[in-house]
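See below for the structure under consideration.
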Amino acid sequence: MISNFIPSKYDVHVDPSRCRLCQRCVENCTYDVFRKEEDRIFTFSSNCVVCHRCISFCPADAISINRRIVNYREHPFWNEESREDIYNQANTGKIILGGMGNAKKYPILFDRLVLDACQITNPSIDPLREPMETRTYLGKKPKSLKVEEKDGDISLKTRLAPNLLLETPIMIAHMSYGAVSLNTQLSFAKAASRLGTYMGSGEGGLHSSLYEYKDNIIVQVASGRFGVTPSYLNKCAAIEIKAGQGAKPGIGGHLPGEKVNEDVSKTRMIPVGTDAISPAPHHDIYSIEDLAQLVRALKEATNWEKPVFVKIAAVHNAPAIAAGIARADADGVVVDGFRGGTGAAPKVLRDNVGIPIEAAIASIDKKLREQGIRNEISLIASGGIRNSADVTKAIALGADAVYIGTAALIAMGCRVCGKCYTGLCPWGIATQRDDLVHRLDPIIGAQQVYNLINAWTHELQELMGAAGINSIESLRGNRDRLRGYMLDENLLEVLDVKTIGA
Amino acid sequence: MKIKKYPNKQDSITIDAKNKTYRELNSEIRTAADQDICHITLQNVLGQRFIADGIKKEGIYLSVFGIAGGDLGVFMDGPIIYVNGNAEHAPGNTMSGGKIIIDGDAGDCVGHSMRGGMIFVKGNAGYRVGIHMKQFKDNYPTIVIGGSAQSFLGEYMAGGIIVILNIDKPSSIGDYIGTGMHGGTIYIAGDVPDYKLGVATVKEEFIDEDRVLVEKLVDEYNAYFNKKVDFDAITFTKIKPISLRPFSNMYTTE
């Protein structure tokens, strides 16, 4: 066989003049990059995934990691990546699997939208001394209210649908126990309950140590129905049916047997070591009518006391699907953009399927308004929210709230190395190995996620104040506060924003 | 094996489902269950969905007269439901425990994602029976269909047992049996041509352990529906997954 050798990507260097031979790098690296031989540390750079664990723990600052440039003959079309993928697949004959989100260099629409601020004619507001409302309610809103007056007392006659109360419009996305460690989920749960927001359980059942945070948890019902029991459905604030995921629209999930240990097996309710396979569709849902049946089955199971959301990947036809979801008795539609993260997805789907969240939010919001059903359903955006500006822009484009996934992981140390599927996460996040899971202290993890969302909420308030807005209600769908910078006419129309200068 | 014997009269209630929505009907069922009424009879059921949805309680017997609508016993854990009639789409959907006995035919997706308990259908069932059924420790879902079943039987199956008796319906079983199966066992009365098997499945020898298991289920079937299916006269085809990890060798990494 002709050797289709792929050169390693990084050079790991230990400076012998600084190295104290403490071997923390050897202990911390889960990919076997370092080995001590006599009085020096040898490195095996080809194993390196640039997770920075060694650099973070080296007391002498002796380690450096550099991109290793091995030049191929320059070609604008047959670039390094396309050639290396072919070598890989010619060697193996297999589907290429990758972690994290879309890694292609598509233009970023958020970075081509700019926000507005007040000058003179409409005073801006200082959020440090004036109230700034970020409280958000998710769920159905009545079209009209009927009140009754009796002996001077006014009471509400309209029966309100259950709503979720969020103190900030930022929630923590669904990541299943199995894909991430228990300490990761515990960190999220603690942070969510302190912040007055919610975390998603993902499709892996609910570990018993999360029960005490149930009022801040949205449980997921996905096509594998792992861990879905009557008590699971009642240990939550809301239920989310997962129909699709932005990182891999149209395909199911697959937790490899290696990650199904004793504890994961218990919450997923499957035997140890078997693959946990979630089919691509829900096999009891082949239409909007079938979806309505599952939504109502879940509501019946919970006595119509909990909101039910439906999550879809942002795909071409998302607005029409969202309008169908609104008519299927659901209380919220979660739309997951093509930048959404994942533990593992076929690279070809991750990088090529779906649309950006910005376009999905705007077009879904528009469709729901056109049909007069925007009040019937909340719109939650996820997949590709990097900072508070993205949050603000997403809300101005029409979202009620956002989910953050990758950003919340980065807050706890994730370096976006994209090797989640190995189960060797050196930061204790995407792993089930006991010694690694303990590297993440849920109290510290919770504090970091809390800090991040708290900081973003303050920045959101600053941005709102600058625009003279003192309530998140007035920001929602307020496209007049956005301008498109270097966007073409069609995109401006889809996003329903004017160009800069107009 | 009749399930119509109750400790005393006070413990039973009859609910007339006529002109009631599923929400009204279920709310009455839930109230009765909360009051520990152990036998609930539903009369005039005409397609109401979600009967006994999410009820988690042992020792409750529900007799349904009429046609049960979609998602009968969905998410249920414990009750025993006896349907004197047919059941629509997805009886026993994602059910955790209990029993559903259908004295008639059933629609598609019988026992979808079921993880415990038993379903007996006297007659035929539709497409995708037992799809993505799974087992865990003591939870071992079982489906017995007296007649035949349509295509995609036991697709994605991850555990449990499906028995198809094919009474009066020799060789009418559908195609793509057990596609993507990675756990559990399917037993089908009579021969099954190889072309009807889905990918990732294999026929195995029907051994003594299978005999003990299936004979018990056939006896139970006979008792529920007053049938006289002769277990010894049937030759079963046993279908198992090739691997518990059908997709483990499909991927290379970035």
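Coordinate-derived values only; no laboratory data. These numbers come from a predicted model, not from an experiment. All Cβ positions, even for glycine, are placed from backbone atoms using ideal geometry, and neighbour counts span all protein chains on display.
With K and R counted +1 and D and E -1, the other residues having a Cβ less than 13 Å from that of A:CYS25 yield a net charge of +3. Between B:ILE242 and A:ASP61, the simple label model (points 7 Å from Cα in the Cβ direction) yields a spacing of 5.7 nm. Taking the empirical scaling 2.2 N^0.38 Å for compact globular proteins as reference, chain A has a Cα radius of gyration ratio of 1.03.
When the inverse distances between all different Cα atoms of region A:279-342 are averaged and flipped, the Kirkwood radius reads 12.5 angstrom.
Distance from the Cα centre of region A:325-388 to that of region A:250-287, in angstrom? Taking the Cα centre of region A:250-287 as reference, the centre of region A:325-388 is 24 Å away. Compactness of region B:10-241 was expressed as the Cα radius of gyration divided by 2.2 N^0.38 Å, which yields 0.98. Dividing the summed helix terms, -39500 (n - 2.57) for each DSSP H run of n ≥ 4, by the number of residues in chain A produces a 222 nm estimate of -8500 deg cm²/dmol to the nearest 500. Take the Cα of B:GLU205, go 7 Å toward its beta carbon, and none of the backbone nitrogen atoms of region B:220-254 fall under 13 Å from that spot.
Taking Cα atoms only, the orientation of helix B:208-225 departs from the longest principal axis of chain B by about 30 degrees. Residue exposure proxy: A:HIS316, B:HIS132, B:HIS39, A:HIS75, ordered by other Cβ atoms within 10 angstrom of their Cβ from fewest to most, comes out as A:HIS75, A:HIS316, B:HIS39, B:HIS132. Here the gap between A:PHE42 and A:LEU492, fully extended at 0.36 nm per residue and compared with their Cα-Cα distance, gives a gain of 156.5 nm. Of the complete DSSP H runs in chain A, those spanning 27 angstrom or more by Cα along the long axis with a mean Kyte-Doolittle score not below -0.5 are A:442-466. Between A:SER208 and A:ASN261, the simple label model (points 7 Å from Cα in the Cβ direction) yields a spacing of 1.8 nm. When only Cα pairs below 8 angstrom with a gap of at least 6 residues are kept, chain A shows a relative contact order of 19 percent. Each Lys or Arg adds one and each Asp or Glu takes one away; over the other residues whose Cβ falls under 10 Å from the Cβ of B:ALA90, this sums to -3.
So what is the relative contact order for region A:10-70, in percent, with contacts set as C-alpha pairs under 8 Å and at least six apart? Computed value for region A:10-70: 48 percent relative contact order.
Charged neighbours of A:ILE239, selected by a Cβ distance under 10 Å, balance to 0 (K, R count +1; D, E count -1).
Averaging the sequence gap over all C-alpha pairs within less than 8 Å and six or more residues apart, then dividing by the number of residues, gives region B:94-224 a relative contact order of 18 percent. Estimated from the Cβ-Cβ distance and a Förster radius of 45 angstrom, the FRET efficiency linking A:ILE108 and B:GLN43 is about 0.15. Between B:MET118, A:THR392, A:PRO307, the Cα set farthest toward the positive side of the dipole of the protein assembly as shown (charges on each charged residue's Cβ, about the Cα centre) is that of A:THR392.
The slack between A:ASP85 and A:ARG194, meaning 0.36 nm per residue of separation minus the straight C-alpha distance, is 34.8 nm.
Take the alpha-carbon centre of region B:145-179, take the same for region B:40-96, and report the distance between them in whole Å. Using only Cα atoms, the two centres lie 22 Å from each other. Distance from the alpha carbon centroid of region A:429-502 to that of region A:292-321 works out to 25 angstrom. Over 27 Å between Cα atoms: which of A:LYS306/B:LYS122; A:LYS299/B:LYS99; A:LYS157/A:LYS214; B:LYS137/B:LYS227; B:LYS18/B:LYS99 fall into that group? Violating the 27 Å limit, Cα to Cα: A:LYS306/B:LYS122; A:LYS157/A:LYS214; B:LYS137/B:LYS227.
Assuming R0 = 35 Å, can you tell me the calculated FRET efficiency for the pair A:ASN387 and A:ASN317, based on Cβ-Cβ distance, to the nearest 0.05?
Once rounded, the FRET efficiency stands at 0.75.
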